[in-house]
Amino acid sequence: MPTFLIKLLQLILALTILVVIHEGGHFLFSKLFKVRVEKFYAFFNPNFSLVRVKRVNGRLQVRFFSRNVEESYTEEKRFNFEGKEEITYKPVDLETLPEDDWRKYPDNTEFGVGWIPFGGYCKIAGMVDESMDMATMQQDPQPWEFRTKPAWQRLLIMVGGVLFNLLLAFFIYAMVLCKWGDSYIPATEVAYGYEFNEQARQMGFADGDIILSTDGKPAVKYDSDLYRAIAKAKQVTVLRNGKEVTLDMPEELSLFDFTRQEAFIAIYSPMVVDSVFADGGAMKAGMMPGDTILTVAGRPAETWNRFQQALAREKAAADLLAVSHDLEMVISRPGAGLDTLTVTADADFRIGISHFTREYNYKELEYGFFSSLPAGVAYGWNTLKGYVSDFRYVFTKEGATSLGGFATIGSIFPSKWNWHAFWLMTAFLSIILAFMNILPIPALDGGYVLLLIVEVISGRKPGDKFLERANTVGMAILLALMLFANMNDIIRLFH
């Protein structure tokens with residue numbers, strides 16, 4: 001199966017799970033407070049639906065590839081043979097019934113699957129939402145409508161989606177830890193220390209330094225949290241040649257400094273060849289296990305990080321200029337000194353080797369079912385804190401240009417189906433969806449929550465006309481952001 005299709009299927013499945021769970025939060029609290037939910041759909045369904053399901057007179061009515069037609073049912077009360085009152089629903093002929101009248105009749109929730117495989121929605125009666133159904137809002141308020149419920153109930157209905165996304169992320173992380181456990185590289189247990197780019201060296205770091213602490217807090221793991229800690233720190237303490245050295249950081253770094261082509265910090269791992277794969281370019285050129293690669297096409301490559309950077313630069317040049325994949329490499333061979341080899345890389349600029357990784361050891365953690373639950377919550381909470389901390393970069397020039405749309409989201413899924421990676425990415429996207437939805441932007445859950453908080457404090461409920469205009473502005477902002485993010489994807493594609 002093509003890589004593009006594998007990534008696309010993972011993206012669609014992840015978004016479907018996230019949206020259904022999110023809208024399910026709104027649905028559950030709506031039903032809890034006896035608010036009518038008119039429609040609940042996975043995917044969007046303009047003009048027609050792949051599947052429509054509705055309960056009529058106690059029976060499920062299922063329609064496939066059905067044109068979207070508004071239907072309603074009148075209540076009919078009668079007494080059964082035991083003298084008990086029963087309520088049934090009789091279909092209304094909508095063609096002969098004025099629109100203002102059929103909206104008054106009670107409906108069961110219509111469940112369905114649309115044909116545009118992104119997103120979904122939950123249409124709640126008596127609420128100004130993205131459907132902009134203002135005709136209903138002009139009718140007399142009904143006891144089953146969102147707008148007639150107390151502010152605290154409306155608040156819980158609106159935060160239900162965000163709450164469910166957070167709970168989903170915590171649950172996924174817990175189950176991932178239960179199934180696969182966790183592993184990390186202890187920050188201080190690296191045999192050759194770390195290597196640093198030119199910017200870091202100007203701040204006082206030196207290749208071989210081991211990070212001990214940031215602002216007095218011990219460094220525990222070599223991961224993104226260590227990057228954030230260094231970026232925010234005023235002082236970093238390192239172990240250099242057996243002695244502790246404290247470095248004063250000149251200013252707060254940007255995380256973009258850690259993710260440039262030349263990494264700010266990386267584990268110092270000498271580029272010693274561990275094995276050579278059959279029929280690869282390295283074997284054909286005569287490379288052997290134990291060789292140390294020093295340069296690639298004249299670029300420094302004595303560590304794994306710099307070797308990867310050198311290959312990436314050569315690949316970028318080949319993609320742009322269609323140059324040869326033959327790479328001149330200087331190697332050091334034990335007992336034989338230096339040698340120069342011409343190695344032919346494949347289409348992905350791999351040369352067919354693996355390198356030693358004995359400079360560090362992963363610490364493995366295992367969890368049982370019950371121990372995985374609090375660990376999953378802690379993992380998810382830490383992920384949320386990190387994302388919230390990083391969100392400020394969105395308002396910088398680099399942050400704005402790094403925004404991405406569906407192509408960017410899809411690209412972060414693995415090229416081969418891997419359930420471990422899929423569930424970790426789905427949980428992370430659930431965290432992002434929860435945080436983005438609680439932002440106080442009209443048309444998002446956070447916009448409604450903000451207005452409800454104002455209503456509780458002031459005792460005054462915003463008018464429907466104000467809500468309509470705020471929703472329109474919010475939708476315009478969201479559409480503009482989506483357009484901008486997806487345009488960034490297109491620009492990156494052509495670059």
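The values are calculated or read from the model by the stated rules, or taken from the named source; none is laboratory data. As the structure is a prediction and not an experimental result, all values here were calculated from the model. Positions of Cβ are generated from backbone atoms using ideal geometry, with glycine treated the same way; all protein chains shown enter the neighbour counts. The area values use the complete protein model at the heavy-atom level, side chains included, leaving out ligands, DNA and RNA. Shrake-Rupley method; radii C 1.70, N 1.55, O 1.52, S 1.80 Å.
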Inset, instruction - Return a yes/no flag: does region 452-460 have any residue that is within 25 Å of Val20 (Cα to Cα) and either of a type in the set (Ser, Thr, Tyr) or surrounded by fewer than 17 Cβ atoms within 10 Å (Cβ to Cβ) (or both). - result: no
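Residues are listed down the side, and each one gets a yes or a no for (1) touching a Lys or Arg at 6+ places or on another chain (Cβ under 6 Å); (2) modelled with pLDDT of 90 or more:
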residue: Met127; (1), (2): no, no
residue: Asp133; (1), (2): no, no
residue: Thr136; (1), (2): yes, no
residue: Leu156; (1), (2): no, yes
residue: Gly160; (1), (2): no, yes
residue: Ala169; (1), (2): no, yes
residue: Asp182; (1), (2): no, yes
Legend entry - Sole exception among (1) in contact with a helix residue (DSSP H, G or I) (Cβ under 7 Å, 6 or more places away or on another chain); (2) within 16 Å of Asn108 (Cα to Cα); (3) in a helix (DSSP H, G or I); (4) not acidic (Asp, Glu) for Phe40, by number: (3)
Legend entry - Meets criteria (over 30 Å from Ala191 (Cα atoms), open to solvent by less than 50 Å² (accessible area, probe 1.4 Å) and either assigned to a loop (DSSP other than H, G, I, E, B) or not aliphatic (A, V, I, L, M) (or both)) for Gly386: no
Inset, instruction - Could you tell me which of the residues Ser224, Ser254 is more than 30 Å from Ile21 (Cα to Cα), open to solvent by 20 Å² or more (accessible area, probe 1.4 Å), modelled with pLDDT under 90 and among the hydroxyl-bearing types (Ser, Thr, Tyr)? - result: Ser254
Inset, instruction - Check whether at least one residue in region 41-52 is among the charged types (D, E, K, R) and either over 30 Å from Ile409 (Cα atoms) or in contact with a strand residue (DSSP E or B) (Cβ under 7 Å, 6 or more places away or on another chain) (or both), and report yes or no. - result: yes
Legend entry - Members of region 278-307 found to be touching a strand residue (DSSP E or B) at 6+ places or on another chain (Cβ under 6 Å) and of a type in the set (A, V, I, L, M), listed by number: Ala282, Met283, Ala285, Met287, Ile293, Leu294, Val296, Ala297, Ala301
Inset, instruction - Report whether or not Trp417 is open to solvent by 80 Å² or more (accessible area, probe 1.4 Å) and in contact (Cβ under 8 Å) with a residue 40 or more places away in the chain. - result: yes
Legend entry - Within region 168-266, strands (runs of 3 or more DSSP E) holding 3 or more residues that are farther than 30 Å from Ser430 by Cβ: 194-196, 210-214, 235-240, 243-248
Legend entry - Any hit, region 15-27, residues being of a type in the set (A, V, I, L, M, F, W, C) and open to solvent by 60 Å² or more (accessible area, probe 1.4 Å): no
Legend entry - Extreme residue, nearest to Pro289 (Cα to Cα), among residues of region 357-374 that are among the aromatic types (Phe, Trp, Tyr) and assigned to a helix (DSSP H, G or I): Phe369
Inset, instruction - Quickly run through region 19-37 and pick out the residues that are in contact with a helix residue (DSSP H, G or I) (Cβ under 6 Å, 6 or more places away or on another chain) and not in a helix (DSSP H, G or I). - result: Phe33, Val35, Val37
Inset, instruction - From Thr295, Thr340, grab the single residue that is open to solvent by less than 50 Å² (accessible area, probe 1.4 Å), modelled with pLDDT of 90 or more and not basic (Lys, Arg). - result: Thr295
Inset, instruction - Tell me, please, whether a residue that is without any contact (Cβ under 8 Å) to a residue 24 or more places away in the chain and part of a loop (DSSP other than H, G, I, E, B) can be found in region 45-57. - result: yes
Inset, instruction - Inspect region 271-286 for any residue being in contact with an Asp or Glu (Cβ under 7 Å, 6 or more places away or on another chain) and of a type in the set (Ser, Thr, Tyr) and give the result as yes or no. - result: no
Inset, instruction - Tally the residues that are in contact with a strand residue (DSSP E or B) (Cβ under 8 Å, 6 or more places away or on another chain), under 12 Å from Ala187 (Cβ atoms) and open to solvent by 70 Å² or more (accessible area, probe 1.4 Å), restricting the search to region 204-220. - result: 2
Legend entry - Subset of region 298-331 that is under 19 Å from Glu359 (Cα atoms), open to solvent by 20 Å² or more (accessible area, probe 1.4 Å) and in contact (Cβ under 8 Å) with a residue 40 or more places away in the chain - its residue that is nearest to the chain's Cα centre (by Cα): Asn305
Inset, instruction - Take region 340-364 and flag every residue that is without any contact (Cβ under 8 Å) to a residue 40 or more places away in the chain and not aromatic (Phe, Trp, Tyr). - result: Thr340, Ala347, Asp348
Inset, instruction - Give the residues of region 346-364 that are open to solvent by less than 50 Å² (accessible area, probe 1.4 Å) and either of a type in the set (D, E, K, R) or in contact with a strand residue (DSSP E or B) (Cβ under 6 Å, 6 or more places away or on another chain) (or both), sorted by residue number. - result: Ile351, Ile353, Ser354, His355, Phe356, Glu359, Tyr360
Inset, instruction - Answer yes or no as to whether Leu424 is surrounded by 15 or more Cβ atoms within 10 Å (Cβ to Cβ), within 21 Å of the chain's Cα centre (by Cα), in contact (Cβ under 8 Å) with a residue 12 or more places away in the chain and part of a helix (DSSP H, G or I). - result: yes
